[in-house]
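Comments concern the structure below.
The values are calculated or read from the model by the stated rules, or taken from the named source; none is laboratory data. Remember, predicted model here, so these are calculated numbers, not experimental data. All Cβ positions, glycine included, derive from the backbone under ideal geometry; neighbour counts span all protein chains shown. Remember, those area values only see protein heavy atoms, side chains included, never the ligands or the DNA or RNA. Shrake-Rupley method; radii C 1.70, N 1.55, O 1.52, S 1.80 Å.
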Amino acid sequence: MKIIVSFSGGKDSHACLIEAVKKYGADKIEAVFCDTGWEHPDTYNHIIETCKSLNVKITTLKGKYDFVSLAVHKKRFPSTNARFCTSELKMKPMIDYVLTLNDSCIIIQGIRASESASRSKMDEECMYFKSYFQPNKNGRKETYRAKEVRKYCLEHDASVLRPIFNWSAQQVIDCIVNSGQQPNPLYYKGFSRVGCFPCIMCRHSEVRQILKDEPMKQRLLNAEKIMKEVTERGSTFFPPNYIPKWACSNRSYPTVQEVFNYVSNKDATADMFEPEDGYSCISLFHGLCE
């Protein structure tokens, strides 16, 4: 039986990794990191140092694309309504990896019920390939490598455990600190989301922090420039309602620079145009970003 901890470098998966070491022993588990090619350098360093300090083996998975090449392939950036970034950069590489195992496995995910209403309805324990056998709310089942998944399930078991499902965010931080660890340094800089950076669902306050990080600021500008070169009308990183239309030159979709201008303006209305609880990411295979 292989025990895998899905480790993104976020606080929830970090707490799961610590708990797994306590329960099973460092030599019995494996941290698996799905690299989107769009992570902050601090996150890469945090993942390496955390696994080293816990004496845990780390396996890094990469898909066919990285974040930017995937956007080029799709001729658009991901959005809250089209989250192909999660499925292509995290879900599929993990499924590919599980299918290489000649053994059953337990996959430990950092999911907490208090994060959102949708997550509170999830199971603390379930079958990893559940979505291949049970249709979602739209009546669809997962189809990626379906034949191979069904064959694997006939011979092996793949279970999901969510050991911190009923924990609060404070309990997560306490677990990390009490174990002599420190959470991802991006949290100290004011970021609430550290997996895939910057995330398409980042808050205005987080954009203001990005403006202080020149390499990350340039990363966004360069990515949008690439999209403008390969698509007829280009594709903007931020959604059309991210800032008010009057702040957009085309009165519709804001460019990265227009978002930078808006959030850095001393008269800007902060997060007025964001959902009250921020944007949420919902995927068939949760626990891949935190």
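State the extension gain, in nm to one decimal, for the chain segment bounded by Asn55 and Ala146, taking 0.36 nm per residue of separation less the distance between their alpha-carbons.
29.3 nm
Using a probe of 1.4 angstrom, how much of the accessible area of the stretch 102-142 is carbon and sulfur, in percent?
Roughly 43 percent, rounded to a whole number.
Just to confirm the filter: which trypsin sites (Lys or Arg not before Pro) across the stretch 180-255 are DSSP coil and have at most 14 other Cβ within 10 angstrom of their Cβ?
Of the trypsin sites (Lys or Arg not before Pro), the ones in loops of the stretch 180-255 whose Cβ has at most 14 other Cβ atoms within 10 Å are Lys212, Arg233, Arg251.
Where does helix 214-230 land angle-wise versus the long Cα axis of the chain, in degrees 0 to 90, nearest 10?
That works out to roughly 80 degrees.
Once a ≥ b ≥ c are taken as the square roots of the eigenvalues of the Cα gyration tensor of the stretch 1-157, is the result rounded (a/c under 1.5), prolate (a/b larger than b/c) or oblate (a/b not larger than b/c)?
Rounded shape, in that the Cα axes give a/c under 1.5.
In square angstrom, what is the accessible area per residue of the stretch 4-163 with a 1.4 angstrom probe?
Heavy-atom SASA per residue in the stretch 4-163 reads 47 Å².
Mind checking the angle between helix 146-155 and the chain's longest principal axis? C-alpha axes, 0 to 90 degrees, to the nearest 10.
Relative to the chain, helix 146-155 is tipped by roughly 30 degrees.
Read phi for every residue in the stretch 96-107 and hand back ³J(HN,Hα) as whole Hz from Karplus 6.51 cos²θ - 1.76 cosθ + 1.60, θ = phi - 60°, with x for Gly and Pro.
Values, residue by residue: 4, 5, 4, 5, 7, 7, 9, 6, 6, 8, 10, 10 Hz.
Please go through the residue pairs Lys137/Lys245; Lys22/Lys130; Lys52/Lys147; Lys130/Lys217; Lys22/Lys62; Lys141/Lys245 and name each one whose alpha carbons sit more than 31 Å apart in this structure.
Lys137/Lys245; Lys52/Lys147; Lys130/Lys217; Lys141/Lys245, as the Cα separations exceed 31 Å there.
Mind giving me the FRET efficiency for Cys153 and Ser120? R0 is 35 Å, r the Cβ-Cβ distance, nearest 0.05 is fine.
Calculated value: 0.80.
Compute the FRET efficiency between Lys225 and Asn138 as 1/(1 + (r/R0)^6), taking r as their Cβ-Cβ distance and R0 = 45 Å, and round to the nearest 0.05.
Using R0 = 45 Å, I get an efficiency of 0.80.
For the chain, find the longest principal axis of its Cα atoms and tell me its angle to the long axis of helix 169-178, 0 to 90°, nearest 10.
60 degrees
Can you work out the accessible area per residue across the stretch 176-234, with the rest of the protein chains kept in place, probe 1.4 Å, in square angstrom?
Dividing the accessible area of the stretch 176-234 by its residue count gives 50 Å².
Taking a ≥ b ≥ c as the square roots of the eigenvalues of the Cα gyration tensor of the stretch 133-259, is the shape rounded (a/c under 1.5), prolate (a/b larger than b/c) or oblate?
Taking the square roots of the gyration eigenvalues as a ≥ b ≥ c, the stretch 133-259 is oblate.
Contour minus end-to-end for Arg208 and Leu99, with contour as 0.36 nm per residue of separation and end-to-end as the Cα-Cα distance?
Extending this stretch completely gives an extra 35.1 nm.
Between Lys64 and Tyr44, how many nm apart are label points set 7 Å from Cα along the C-beta direction?
2.4 nm
How much accessible surface does Ile106 have with a 1.4 Å probe, in Å² rounded to 10?
About 30 Å², rounded to the nearest 10.
Counting each DSSP H run of 4 or more residues in the chain as -39500 (n - 2.57), what helix-only mean residue ellipticity at 222 nm follows after dividing by all residues, to the nearest 500 deg cm²/dmol?
The helix contribution divided over the chain gives -10500 deg cm²/dmol.
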